[in-house]
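Just below is one structure, and these are the notes that go with it.
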Amino acid sequence: MSAKFEAILFDLDGTLVDSAADLRRALNSTLAEQLRNSLDISEVKAMIGDGIAKLVERGFAATGPTPKADTLATLITRFSLHYDQNILAHTKLYPGVLEALRLLRVQGCRLGVCTNKPEAQAREILKGLNADLYFDVVTGGDSTDRRKPDPKPVLQALSQLGGTPETALFIGDSVNDAEAARRAGVASILVSYGYEQADLETLGAACIIDDFAHLPDIVGELAAA
């Protein structure tokens, strides 16, 4: 394994885990309390990626007037309560994730998660799915004063891993992931099965993969190139 990619960072939702059903459940419960209509899974997937505050804001904007800031803060708290009550009801790892992470560790890579989801929720999900032991670092949307696509969370996670942008790789599924990696000076790979609605081919990733299980081989090929 080349030292070129000694540190690898991963997005969480839409990359490592499919959490859309549980996010939808919590969002629809919050909407129902305010007598709003529910949203289907495709609508919710299109809203994921900028943290829970934006998810709640988008959910309410899609079903009626956007709440004022103080009301929105209360709704975000209600959403978090609904979500935390059963955060792993339907959330699951995508196929091939655990084995790919194991192989990357065997190849000498240090692994971390950089997500816009709150750090505590990210850690709970990883632990509940038996994936936490593969990661040396987990940063969430509340771990710094910035969220992706700002590069700060990527650079902080990378610093904690002991890597440099030149020797790192970011794996994600979205515009936010690609932009955060680019602004941090980190090469990226995007997965095609995530929640992003934009054309992934336009985002400047080193490659796009359809199956997470192929990631260790792809990383090796890119390192040898």
Specify which of the listed residues (Leu133, Leu169, Leu101, Leu158) is free of Cβ contacts under 8 Å to residues at least 40 places away in the same chain, assigned by TED's automatic domain parsing to the domain that holds Gly204, within 18 Å of the chain's Cα centre (by Cα) and buried (at least 23 other Cβ atoms within 10 Å of the Cβ).
Leu101
Sole exception among (1) assigned to a loop (DSSP other than H, G, I, E, B); (2) more than 23 Å from Ala178 (Cβ to Cβ) for Pro149, by number:
(2)
One residue from Gly185, Gly163 being at pLDDT 95 or above and not assigned by TED's automatic domain parsing to the domain that holds Gly51
Gly185
Tell me which of these Gly163 doesn't satisfy, since it passes every other one: (1) over 18 Å from the mean Cα position of the chain (by Cα); (2) over 20 Å from Phe135 (Cβ atoms); (3) touching a residue at least 40 places away in the same chain (Cβ under 8 Å).
(2)
How about region 63-86: which of its residues are touching a residue at least 60 places away in the same chain (Cβ under 8 Å) and surrounded by fewer than 19 Cβ atoms within 10 Å (Cβ to Cβ)?
Asn86
Any residue at all in region 66-88 that is in a loop (DSSP other than H, G, I, E, B), touching a Pro at 6+ places or on another chain (Cβ under 7 Å) and at pLDDT below 95?
no
Which numbered condition Phe170 fails, given (1) more than 16 Å from Ala100 (Cα to Cα); (2) not in a helix (DSSP H, G or I):
(1)
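The values are calculated or read from the model by the stated rules, or taken from the named source; none is laboratory data. Predicted model only: the values in this text are computed from it and were never measured. Methodologically, a virtual Cβ is constructed for each residue, glycine included, from the backbone with ideal geometry; neighbour enumeration extends over all protein chains shown.
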